[in-house]
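Chemist: First the structure, then my questions, so here it is.
The values are calculated or read from the model by the stated rules, or taken from the named source; none is laboratory data. None of the values given here were measured: they were computed from a predicted structure. Please note: Cβ atoms are built from the backbone with ideal geometry, for glycine as well, and neighbour counts cover all protein chains shown.
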Amino acid sequence: MIKASSRRKPCDGIEYRGHSGHSFSGPSHRGDETVIVTLQSNLLHLITSAEATVTIHDSPYGQWTVANLILEQLTDPTQSGETADFDADRYNNFVEYSANRNPKLAEANALLKTAIEPDPSDDQNHITLTYTRRLPPTDTAY
């Protein structure tokens, strides 16, 4: 965790400073964050370009939560966390994200539909599984 309001040295010669006044980790999903990383020379390392600005982007899941929840909900992990079930439909937020569903709307249709269908290539019946998934970019595997 990198705090914008304090300076931390996780290892010799590296100092983190932030601009926005809040932590840069955790479930906040507030959009892009800018961090200035300052490297300091020491006896073992000579640093010639000491400062760099880094932009931290939300993950695809973070972008989805920002698009689907309001600020008060985003700051409450019991509503916006990956394992939270905002609409109490038995599907947690990450499952709703994976299936490209609305986390605030309890949908009656099943996530996975099964059917037995004939395959014309071999005249045999086969079980088919149908589901909706997110298109890239995504941070899920199916």
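Chemist: List, please: which pairs have Cβ atoms under 6 Å, are six or more places apart or on different chains, and start with a residue in region 72-85 that is farther than 16 Å from Asn102 by Cβ and end with one that is of a type in the set (Gly, Ala, Ser)?
Modeler: Thr78/Ala84
Chemist: Give region 100-125 a look and list any residue that's at pLDDT 90 or above and under 17 Å from Leu69 (Cβ atoms), or say none.
Modeler: Answer for region 100-125, where residues must be at pLDDT 90 or above and under 17 Å from Leu69 (Cβ atoms): Arg101, Asn102, Pro103, Lys104, Leu105, Ala106.
Chemist: If you check Thr78, Thr128, Thr53, which single one turns out to be outside any loop (DSSP other than H, G, I, E, B), modelled with pLDDT of 90 or more and surrounded by fewer than 11 Cβ atoms within 10 Å (Cβ to Cβ)?
Modeler: It is Thr78.
Chemist: Turning to a different aspect of this structure: Kindly provide the set of residues from region 99-109 that are among the hydrophobic types (A, V, I, L, M, F, W, C), farther than 17 Å from Pro60 by Cα and surrounded by 10 or more Cβ atoms within 10 Å (Cβ to Cβ), ordered by number.
Modeler: Within region 99-109, the subset among the hydrophobic types (A, V, I, L, M, F, W, C) is 99, 105-106, 108.
Restricting the remaining residues to those that are farther than 17 Å from Pro60 by Cα gives 105-106, 108.
Those that are among the hydrophobic types (A, V, I, L, M, F, W, C), farther than 17 Å from Pro60 by Cα and surrounded by 10 or more Cβ atoms within 10 Å (Cβ to Cβ): Leu105, Ala106.
Chemist: Next up: Please indicate, with yes or no, whether at least one residue in region 121-139 is under 24 Å from Val35 (Cα atoms) and among the charged types (D, E, K, R).
Modeler: Yes - at least one qualifying residue is present in region 121-139.
Chemist: Identify, please: which residue in region 83-98 is loosely packed, with under 14 Cβ neighbours inside 10 Å and not hydrophobic (A, V, I, L, M, F, W, C) and is, among those, modelled with the lowest pLDDT?
Modeler: Arg90
Chemist: Do any residues in region 45-66 that are within 30 Å of Ser98 (Cα to Cα) and acidic (Asp, Glu) have Cβ atoms under 7 Å from those of residues that are outside any loop (DSSP other than H, G, I, E, B) and modelled with pLDDT of 80 or more, where the two are at least six apart or on different chains, and which pairs are they?
Modeler: What qualifies is Asp58/Val66.
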